[in-house]
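Down below is the structure, laid out as structure tokens.
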Amino acid sequence: MAAWLSLLAVLYATLMPFEFGNQSVSDALSHFTSLSLPQMSASARQQWVANVLMFLPLGFFWTAWLSGYVHGVAGRLLVAVLVALLALATTATVEFLQFWLPRREPSLLDMSGNLTGGLVGVLVWYGLSDPGRRWLAVLRQGGVGALRRGLLIYAFVYVLLAWLPLDIMLSWQEVIWKLESDGWGLWRAPVSEDSVVRWWVLRSMVLVMSVPIGVLIGWWLTAHLPSFAGSRIFILALMSGVVLAAVVEVGQFLTVSGVAEGGSVLARLLGLALGVWLFVRRMCFDFDRLRFCTRPAVVVLLLPYLALAVVLNLGGEGFAMETASVLAKLESVNFLPFWYHYMVSEAEAIGSVLLHLAMYAPVGVAMWLWRWGLRGITPGGGLWAAVFLAVILALAMEAGKLFMAGLRPDPTNLWIAAAAAWSGWQICGTVWWGLRGIRDWEYGGVNVPSGSAVQDRSSRRYSAEGGVKYPGIKPADPGFVRGAEDAVRQRATVFPGDPYGLGKCRRH
């Protein structure tokens with residue numbers, strides 16, 4: 001299924017807007033056969049990298065599917081050839097059909113990028129499928145191994161998204177051009193057209209997204225430098241955070257379409273510092289106490305969140321009201337998914353998608369926390385309610401753009417909001433599963449009765465990490481449970497005299 005979906009996605013992205021002209025086939029053949037490979041300029045490099053990334057899933061999923069029917073080196077080689085031919089046939093077909101599409105132009109450079117993406121997908125599957133299966137097994141088991149690998153995956157995606165579309169500069173002339181351009185600033189880049197409030201909101205989002213990286217840095221330093229603790233770990237991690245924040249921003253500077261700002265460096269650094277502090281103080285958190293704060297926190301943060309959503313969506317032109325006809329603007333809206341992303345550059349399209357994902361993901365997070373705060377167990381429902389609320393909120397924001405000058409609604413944002421809320425809910429569930437994985441908890445020498453469910457599950461706690469001990473939060477109950485019927489009895493068994501596992505904050 002994933003293989004066919006990747007092919008359909010490629011066809012949709014390359015043949016949009018599906019408004020074919022009436023030119024003759026002979027003219028198309030003449031034009032197609034006269035194509036030559038143009039020089040790859042800095043702007044064309046962005047398009048080329050985007051084509052590589054677009055065809056990479058096609059090569060990956062088709063290789064994964066076909067590899068299940070063959071064995072041995074010869075079989076793998078055959079699959080690689082077939083997938084390469086599929087990528088070549090697909091890109092040749094769509095480039096030929098683009099002759100009939102407005103604002104589309106067949107290009108050998110695009111074809112080379114598409115074919116390269118397909119081949120990279122083949123190599124990624126054969127290079128990472130075996131380690132990927134092991135990582136997936138650990139992620140499914142939950143516990144410390146899953147939590148740590150999840151943070152590593154998040155760190156990789158964090159850096160990758162910061163550097164998209166990966167149009168790296170390749171010469172000193174391009175670097176000099178970037179230095180003379182408005183694409184960077186010691187605090188704020190002159191190219192930024194956002195209002196002051198919107199700019200600060202976006203930097204705050206960068207801060208929040210950097211927190212998990214800080215947790216990972218603190219965890220790694222604690223594991224590899226056991227003699228360090230408390231404030232010393234925090235200072236060392238802060239120094240590491242400075243280096244990481246600078247590297248990410250320098251990477252953005254070294255991309256043609258990237259914007260490097262000192263304000264972003266500070267936001268990343270503050271987020272990393274907050275993550276390190278949360279890890280250092282991890283023993284001060286108790287789930288049974290925290291869950292009573294989640295619903296009040298959701299209620300308190302609701303109005304600020306809605307205000308920020310209004311600023312990000314409707315404050316682009318300073319809240320100037322529409323003076324022309326609202327109905328005329330509504331009639332001009334194109335409801336084809338991702339139509340407006342096709343009309344702008346790759347960097348702008350990627351930035352818009354990431355912004356709206358970050359904007360509506362808190363809806364899924366808030367709904368998960370709301371349901372979890374009721375009894376402190378894994379929520380059994382509420383996912384689709386979160387998706388529905390995110391779509392309603394996005395609909396309100398997009399409808400509001402009809403009444404704001406200089407803004408236009410984008411129906412695609414409703415789909416992005418639904419995906420963001422779904423992802424936020426799933427991320428919370430994944431983190432909770434990692435934090436509460438029973439096989440990685442240490443019971444402090446308490447004897448667990450033989451034959452109990454706790455012992456059966458705790459006997460598998462070293463299977464994923466080879467005996468690695470979880471360095472963090474003491475759980476309120478000793479496992480990942482969906483119901484509360486046996487939770488108190490389990491807690492009383494594992495923590496005699498303290499059935500809820502409430503302990504004092506232990507300093508490191």
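The values are calculated or read from the model by the stated rules, or taken from the named source; none is laboratory data. Remember, it's a predicted structure, so these values are computed and weren't measured experimentally. For neighbour counting, all protein chains shown are included, and Cβ atoms are generated from backbone atoms with ideal geometry for every residue, glycine included. All accessible areas refer to the heavy atoms of the entire protein, side chains included, with ligands and DNA or RNA removed. Shrake-Rupley method; radii C 1.70, N 1.55, O 1.52, S 1.80 Å.
General observations
- From the C-alpha gyration tensor of segment 108-198, square roots of 5λ in Å: 35, 24, 11
- Cα gyration tensor, segment 229-297 - rounded (a/c under 1.5), prolate or oblate: oblate
- Whole-number percent relative contact order across segment 127-280, with pairs defined as alpha carbons under 8 Å at least 6 apart: 33 percent
- Shape of segment 327-371, Cα gyration tensor, a/c cut at 1.5: oblate
- Net length gained if the chain between W187 and V159 were fully extended (0.36 nm per residue, minus Cα distance): 8.0 nm
- Computed label-point distance, nm, for sites F18 and D130 using a 7 Å Cα→Cβ extension: 4.4 nm
- Heavy-atom accessible area ranking, 1.4 Å probe, most first, across I217, I233: I217, I233
- One decimal place: the segment A137-D27 gains 34.2 nm when fully extended, by the rule 0.36 nm per residue minus the C-alpha distance.
- Each residue, L355 and S112, gets one label point 7 Å from its Cα in the Cβ direction; the gap between the two is 3.3 nm.
- Cα gyration tensor shape of segment 250-378, rounded if a/c is under 1.5, else prolate or oblate by comparing a/b with b/c: oblate
- Virtual spin-label span in nm between V208 and H224, 7 Å along Cα→Cβ: 3.1 nm
- Accessible-area value, W62, 1.4 Å probe, nucleic acids and ligands omitted, Å²: 20 Å²
- S332/V243 FRET efficiency (R0 56 Å; Cβ-Cβ; nearest 0.05): 0.70
- Förster-model FRET efficiency, 45 Å R0, C293 and L170, C-beta, rounded to 0.05: 0.30
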